[in-house]
Each structure stands twice: as C-alpha cells, then as structure tokens.
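Each value in this text was obtained by applying a stated rule to the coordinates, not by laboratory testing. The model shown is predicted, which means the values in this text are computed figures rather than measured ones. Cβ placement follows ideal geometry from the backbone for every residue including glycine, while neighbour counts extend to all protein chains displayed.
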Amino acid sequence: MVPGVRLVVLGKQGAGKGTQAVRLARHYVVPHISTGDIFRAAAKAGSPFGRKASEFMEKGELIPDDVVLGVVMERLEQKDAKGRGYVLDGFPRTVNQAEALTARIGEVRDQPLVVDLEVPTEIVLQRLAARRVCTDCGANYSTAVPPKTDWICDVCGGEVVQREDDTEAAIRRRLDLYEEQTAPLISWYLERRQLRTVDGLGDPDKVTERLVRTIDHWRELAG
Ligand code: AMP
C-alpha cells in the first residue's frame, strides 16, 4: 500500500460513510475531513458560527454552500491535505459544491477519486434510528452494538447519545435532500469518469476490504 490518496466518499446518511471514511483515512495515512464533524464541533463550542450551523443541522437542512465551501477550501489548504491527500466525508453534497471543488483543484490529475457506498433506503432507515454517537470523538455505536458500559464511549470515555438530527422527521428530511441534491452528484461524477460504486452491505470489515480493493485497482490503472 502506498500512503496518500485523494478521496471523496459518497453515500446516503446511514450507509456507513463516516465509519468507512475514518478507516480509509487511517489506511492511506491521510486526514479524514468530515464537514458534519467540523460543524458539530463548532456547534458544541457555541461560537456564533456554530450556533448558526446548528440551526440548519437540527432541522436536517443543508448549510449554505458559501459557508461550507469556505470551511472545506481552508481545510484543504493545510499542509497535511496538500501534501498527502485527504478523505472527504459529507462534502460535496450538491452539484454546485462539486463544481466549486473541481474548479478550485484545477488540474485533472489532482482531482479526487469518488466512491459511492451503496445501501438500500430501507436499510439506512433502520440503521439511522438505531445509531448512537460519542459527543466527544464521534465514534459510532448502535442500540444493537452499544459501548461496553452504560453509554460511555469505549474509545474516549465521552457520552454516547442519539444525534439531534437522527429524529424521524429530520432523518426523512435528510434522505429527501439526498435524493434531490446529492444523488445527482453520482451521474455528475460518472460523466467525468471519477466515480466507482461499492456495495455497502454486510460486515464493515468486508466493506473496507471492498473499498480498498476498488481504490487500489483504480490507482494502478491511473498509473
Ligand atoms: P453529516 O454528519 O455529514 O450527516 O452532516 C450533518 C449536517 O451537517 C448535515 O445534515 C448538514 O446540516 C450539515 N452539512 C454537513 N456537510 C454539509 C455540506 N457539504 N453541505 C451542506 N451542509 C452540510
């Protein structure tokens, strides 16, 4: 395995995107850049920016493109991402964001590979209703696989809760937005020959293996 990769992970909420993005970042030794994590951290810190972001997040609405773009572009300019690459998780989420990212990167050879983690909607609905996350480090759990003790995170000791935007109404809103705004990204990236689809069902370790195999094969082809 050669360290360094530029990756975008697409997938519906609950497809396992966050979990797999963390694993891929570790595997390729690049930073994991999750816009959701960035906005949740800002919301927790209670800055004016964070308070504004949490108004959108609680309703399951998208944060305006100019705000998101500013945050992502600034992060991509940092040394680690510029040097080795990145795994982008939760961005881009609209064709407008993808166009801005593509334009900002410029060179065709520097454009990221995009993987779409495919999971049927009925399965993601079940997963989201059962999902629990650590408020400190963002580690994912579920009602079926809770932390070892009393909703205390196994990784960092933080409190494990249901995300505020994992209510039924907000989940439905986010899945509608996904169909409306994010699903068109799949054909957009396909046309640019930047996208591969990977089956997101089954054991998370197997899904990681599938992703790594797809990405490595693709990198070999790209030379
Ligand atoms: P996530 O953890 O990726 O599901 O993101 C949680 C929330 O953060 C979303 O429901 C949006 O409100 C906001 N958000 C994250 N990424 C973006 C993005 N690329 N564009 C707009 N809003 C975003």
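Brief remarks follow.
- Here the chain is assigned +1 on the Cβ of each Lys and Arg and -1 on the Cβ of each Asp and Glu. Its dipole about the Cα centre then comes out at about 460 debye.
- Sorting the segments 12-19, 127-134 by their residues' average number of neighbouring beta-carbon atoms within 10 angstrom, most packed first, yields 12-19, 127-134.
- Each label point was placed 7 Å from the Cα along the Cα-to-Cβ direction; for GLU77 and GLU55 their separation is 2.7 nm.
- Label separation (VAL95 vs VAL155): 3.5 nm, computed from points 7 Å beyond Cα along the C-beta direction.
- Helix content alone sets the calculated 222 nm mean residue ellipticity of the chain: runs of n ≥ 4 DSSP H residues at -39500 (n - 2.57) each, divided across all residues, give -15000 deg cm²/dmol.
- Summing Lys and Arg as +1 and Asp and Glu as -1 over all other residues whose Cβ lies under 9 Å from the Cβ of VAL9 gives a net charge of -1.
- Applying 0.36 nm per residue to the separation of ASP110 and ARG219 and subtracting their alpha-carbon distance, the gain on full extension is 38.0 nm.
- Neighbourhood net charge (9 Å Cβ-Cβ; Lys/Arg +1, Asp/Glu -1) for GLU58: -3
- Here the extension length gained between ASP199 and CYS137 equals 19.6 nm, from 0.36 nm per residue of separation less the Cα-Cα distance.
- Note on VAL145 and LYS206: the model spin-label points, each 7 Å out from Cα along the C-beta direction, lie 1.3 nm apart.
- Proximal lysines to LYS44, defined as alpha-carbon separation beneath 19 angstrom and excluding residues fewer than eight positions away on the same chain: LYS52, LYS59
- Other residues whose C-beta falls under 15 angstrom from the C-beta of ARG173 contribute a net charge of -4, scoring Lys and Arg +1 and Asp and Glu -1.
- With both residues required to sit in the chain, DSSP beta bridges show an antiparallel share near 30%.
- Peptides 114-123, 72-81 ranked from most to least packed give 114-123, 72-81, packing being the mean of other C-beta atoms within 10 angstrom over each peptide's residues.
- On full extension, the segment bounded by GLU191 and ALA129 gains 18.9 nm, given 0.36 nm per residue less the C-alpha separation.
- Cα-Cα pairs of segment 120-161 separated by more than 15 Å (percent): 37
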